[in-house]
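Read through the structure below, which is laid out as structure tokens, and then see the notes.
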Amino acid sequence: MKFFKYLFFLLVLIFVVGSLYIATISIPDQENFTFETPVNAKLFSSKVQDLSTYETWFDFPQESISEQRLSNVESPKNTTLSWQNEKFESINFQNRSLTEDSLIQRLRLKTWLSSSEFDMTWKFITTDANSRIEISIESEASFWQKTELVLTGTSHLEQLKKALSKSLSKLEQSIIKEIAIYNITPIGKVETGGFYILHATSAARLNFKNILKKSQPVFKSIEQFINEQNFNASKDRIILFENLYENSESIIFSSGIGMESQVAIPASFEVLSKPVRKSIYFKTQLTGDYLNLKELLAISKSTLEDRELTINTALKPFLEFEVDESQTINPSKWVTNFYIPVIEN
């Protein structure tokens, strides 16, 4: 009997000492995680907010053993996503608050021994250089979480951070593939023109990154002017090439907005107005990123040569941004038309 008595006291002592040791273990209540990417952070925001996309990119290191289940889909702020994997009996994401550039989620994890709850604040920051996804994770580790840490060597928080790093890298590659899709289609001869363009003129080498960089502030300035004067634009944003086919080292181009008729420009405003004459143009359409604009011009010109069409040098070719970055952040959805004036045979 004494043996069992001593054994009982020994077990109690081990339990007490073990409990005191576990109680002294420190797991951070808050962690910050940053993921840098060359991709526009708003593209990440749309995916992260939409829990239905998680099946394609978010995963913990262990294999899933159940299908992901969505609930409350009619309420984006309360949509819940749940599934199981080899490690966790329950993984549960829930959107709590949505804004234009941030998201607050609650994540619950449950194993056979313990459960945890994390409040995750996502911030999506787009800069001229790399964008950033900043995630602040808040949680309070329970006694049983600490016990599980002692037994397994990893905490729920550590596993979450590892999952975020792996999953966001996977999402980045998925977005890059998605936005890289483009198509260039020769449409054929169309009659267009017959409008005026409010514009400012610049010059650059045939480098569309620089051309667009110079054009963007002009577009915004002219659009502001149009709104202030209560004018109605008749065309989309336009870049008119003044000397594209003259073999010049520098390209002179006019960036602006199309108008039905000529308007009076205040002397204090550095904008000009000129007509784009109605005529026959050969239209080629790019659906996709502006990275493909140079190819758009090359295919347009080679198609003219294949069809034995002659460029009308009395008129100017122009780009029309039918759907651009001011309307959607997804480059694969941008639509740009290139018009080359041609002589009717």
ask   = DSSP loop chymotrypsin sites (Phe, Trp or Tyr not before Pro) in the range 239-345 with at most 16 other Cβ atoms within 10 Å of their Cβ, which ones?
value = Y245, F269
request  = Taking the Cβ of each residue in I181, I252 as the centre, tally the other Cβ atoms inside 10 Å and list the residues starting with the fewest.
outcome  = I181, I252
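Expected output is a single nm value to one decimal: the length gained when fully extending between L291 and T56, i.e. 0.36 nm times separation in residues minus the C-alpha distance. What is it?
Length gained, L291 through T56: 81.9 nm.
How high is the FRET efficiency between K333 and E246 when r is their beta carbon distance and R₀ equals 56 Å, given to the nearest 0.05?
Efficiency at R0 = 56 Å is approximately 0.95.
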request  = Work out which helices of the chain, taken as complete DSSP H runs, extend at least 27 Å along their axis over the Cα atoms and score a mean Kyte-Doolittle of -0.5 or more, then list them.
outcome  = 2-24, 156-179, 208-228
task = Starting from the coordinates of the alpha-carbon atoms of the chain, obtain the Kirkwood hydrodynamic radius over all distinct pairs and give the value in Å to one decimal.
result = 24.8
ask   = Can you pull the percent of Cα pairs in the range 27-179 with separation above 26 Å?
value = 24
inquiry  = At 1.002 mPa s and 20 °C, plugging the Kirkwood radius over alpha-carbon pairs of the range 183-343 into Stokes-Einstein gives what diffusion coefficient in µm²/s?
reply    = 134
task = Check cross-link reach from K220 to the lysines: straight Cα distance under 29 Å, and skip same-chain residues fewer than eight apart.
result = K42, K47, K123, K209, K235, K274, K278, K283, K294, K316, K333
Student exercise, the range 183-343 dipole from Lys, Arg, Asp, Glu Cβ charges, in Debye to nearest 20 = 80
key: Selected from I104, T79, T127, residue furthest toward positive end of dipole (the range 77-131; charges at beta carbon)   = T79
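In the range 275-316, what GluC sites (Glu not before Pro) fall in a loop by DSSP, with at most 13 other Cβ atoms inside 10 Å? Mind showing how you got there, number by number?
Working: sites: E295, E305, E308; in loops: E308.
Passing sites in the range 275-316 are E308.
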ask   = Please identify the trypsin sites (Lys or Arg not before Pro) of the range 188-264 that satisfy two criteria: DSSP loop assignment and at most 11 other Cβ atoms within 10 Å. Which are they?
value = R205
key: Separation between Cα centres of the range 237-305 and the range 152-194, rounded to whole Å   = 30
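Readers should treat all values here as calculations from the given coordinates under stated rules, not as data from a laboratory. Since the structure is predicted, the reported quantities are computational estimates derived from the model, not experimental observations. All Cβ positions, glycine included, derive from the backbone under ideal geometry; neighbour counts span all protein chains shown.
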